[in-house]
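Student: Supplied in structure tokens, the structure appears directly below.
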Amino acid sequence: MKLVVSCEHGGNEIPKDFQKYFVNQRAILQSHRGYDPGTLDLFEDVKALSGFSESNTFSRLLIECNRSLHHPKLFSEFTKSISETEKEKLISTLYLPYRNSIENHIRTFILEEKTVLHISIHSFTPILNGEERNNDIGLLYDSKKPFEKTLCELWKAFIIEESPLIKVRFNYPYLGSADGFTTYLRKQFPENYIGIELEVNQKWVKNDGLNKTIKSTIVKSIKKLITIN
């Protein structure tokens, strides 16, 4: 099994040419709407286990790298009204280079007759629209893919083996079959591709650093996961 690790919302950078659209929006850029706090910290540790890794550090409010090109929220309220030329620039300079790099490496591994486990790292806000999300870790998969389900069950067991008090839920707080990068890649690679989105509760993040116990538990559990036969 070959591990590929990605981080779609690792940062909240805005290129100079687009900063004019984000004047006085520092608070939003630094919130969960601007990026996924803690994910880059976790990514830096997990990538050592991978055959390939890639992170995006530009804000999701520029262009949403975890959405398909046809998705209505590909561009945020800050960029949906910019010129078509500027949109094409974001697609050609940020979106496609990031996604194509990952897709091409996955294709290479599959052509080498490897099974690819792709872990897409995300984090979620503890409370959304007044509703508390009552889990520490979410493992998102496509319920129509039996092996993805089996692998997530194993992963959950490995996590609890390391830290019994961590609460792990499947397909929560989001569904693994919703529009996303892994959903797109499943269509490109119907065989030998396993796409799982890892969601970590941001209550365990401080100053962009993930809680050491949570981080260590995730890293150790992934080590076990990629060595199973």
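The values are calculated or read from the model by the stated rules, or taken from the named source; none is laboratory data. Nothing here was measured: the structure is a model prediction, and the numbers come from that model. Don't worry about glycine lacking a Cβ; one is built from the backbone with ideal geometry, like all the others, and counts go over all protein chains shown. Each accessible area value is taken on the protein alone, full model and side chains, heavy atoms only, with ligands, DNA and RNA left out. Shrake-Rupley method; radii C 1.70, N 1.55, O 1.52, S 1.80 Å.
Student: Please name which of Phe147, Ile137, Ile166 has its Cα lying farthest along the dipole of the stretch 112-192 towards the positive end, using unit charges on Cβ (Lys, Arg +1; Asp, Glu -1) and the Cα centre as origin.
Tutor: The residue sitting farthest along the positive end of the dipole is Phe147.
Student: At 7 Å along the Cα-to-beta-carbon direction for both Gln188 and Leu96, put a label point, then send me their distance in nm to one decimal.
Tutor: Using points 7 Å along Cα→Cβ, the separation is 1.3 nm.
Student: Across the stretch 126-135, in residue order, what do the Karplus-derived ³J(HN,Hα) couplings come to in whole Hz, using 6.51 cos²θ - 1.76 cosθ + 1.60 with θ = phi - 60° and x for Gly and Pro?
Tutor: In residue order, the calculated couplings are x, 10, 10, 6, x, 9, 7, 8, 9, 8 Hz.
Student: Of all beta bridges DSSP finds with both residues in the stretch 116-204, what is the antiparallel percent, to the nearest 5?
Tutor: Given both bridge residues lie in the stretch 116-204, the antiparallel proportion sits at roughly 35 percent.
Student: So what J values fall out for the stretch 159-171 if you push phi through Karplus, 6.51 cos²θ - 1.76 cosθ + 1.60 with θ = phi - 60°, rounded to Hz, Gly and Pro as x?
Tutor: 5, 5, 4, 7, 9, x, 8, 6, 8, 10, 10, 8, 6
Student: Describe numerically, in nm with one decimal, the distance between label points set 7 Å from Cα along Cα→Cβ at Lys114 and at Gln19.
Tutor: Going from the Lys114 label point to the Gln19 one covers 3.9 nm.
Student: What's the ranking of 3-14, 57-68 by average number of surrounding C-beta atoms within 10 Å, highest first?
Tutor: Working: 3-14: 23.2, 57-68: 21.3.
Packing order, densest peptide first, comes out as 3-14, 57-68.
Student: Provide the packing ranking of 81-91, 186-196, i.e. peptides ordered by the mean count of other C-beta atoms within 10 Å per residue, highest first.
Tutor: Answer by packing, highest mean first, reads 186-196, 81-91.
Student: About the Cα centre, and with charges only on the beta carbon of Lys, Arg (+1) and Asp, Glu (-1), how big is the dipole of the stretch 1-157? Nearest 20 debye, please.
Tutor: I would put it at about 280 debye.
Student: Also: If you average over every viewing direction, what projected area does the convex hull of the Cα atoms of the stretch 75-202 give, in nm²?
Tutor: Working: hull surface 39.2 nm².
The number I arrive at for the stretch 75-202 is 9.8 nm².
Student: Which FRET efficiency, nearest 0.05, do His71 and Ile127 yield, Cβ-Cβ r, R0 35 Å?
Tutor: So the FRET efficiency works out to roughly 0.90.
Student: For P(r) over Cα pairs in 10 Å bins from 0, in percent, the choices are (1) 7, 25, 26, 17, 10, 6, 4, 3, 2, 0; (2) 7, 29, 35, 20, 8, 1; (3) 8, 33, 37, 18, 4, 0; which was calculated from the structure?
Tutor: (3)
Student: So if each residue of separation counts as 0.36 nm, and I subtract the Cα-Cα distance between Glu161 and Lys144, what length gain in nm does that give?
Tutor: Roughly 3.5 nm would be gained on extension.
Student: Further question on the same structure: Tell me, what are the semi-axes, in whole angstrom and largest first, of the equivalent ellipsoid of the stretch 1-90 as set by the roots of 5 times the Cα gyration tensor eigenvalues?
Tutor: They are 26, 16, 10 Å, listed from largest to smallest.
Student: Applying the Karplus parametrisation 6.51 cos²θ - 1.76 cosθ + 1.60 with θ = phi - 60° to the phi angles of the stretch 42-48, what ³J(HN,Hα) value in whole Hz is obtained for each residue in order, glycine and proline being reported as x?
Tutor: For the stretch 42-48, the Karplus-derived couplings read 5, 3, 4, 7, 6, 4, 5 Hz, x marking Gly and Pro.
Student: Next question, about the same structure. List every residue whose amide H lies under 5 Å from the amide H of Phe78, counting only residues 5 or more places away in sequence or on a different chain, with H placed 1.01 Å from N in the peptide plane.
Tutor: When sequence neighbours closer than 5 places are left aside, there are no close amide H contacts.
Student: Using amide H atoms built 1.01 Å from N in the peptide plane, name the residues 5+ places from Ser50, or on other chains, whose amide H lies under 5 Å from its own.
Tutor: It is none; the list stays empty.
Student: If you line up the Cα atoms of the stretch 36-139 on their principal axes, what length do they span on each, largest first, in Å?
Tutor: For the stretch 36-139, the Cα extents along the three principal axes come out at 44, 40, 21 Å.
Student: At 0.36 nm per residue, and after removing the present C-alpha to C-alpha distance, how many nm does the segment from Asp179 to Asn207 gain when stretched out fully?
Tutor: In short, 7.1 nm is gained.
Student: Something else now. Of all accessible surface on the stretch 1-71 at a 1.4 Å probe, what whole percent is carbon and sulfur?
Tutor: 44 percent
Student: Using alpha carbons only, how many degrees (0 to 90, rounded to 10) separate the axis of helix 212-225 from the longest principal axis of the chain?
Tutor: On a 0 to 90 degree scale, this one is about 60.
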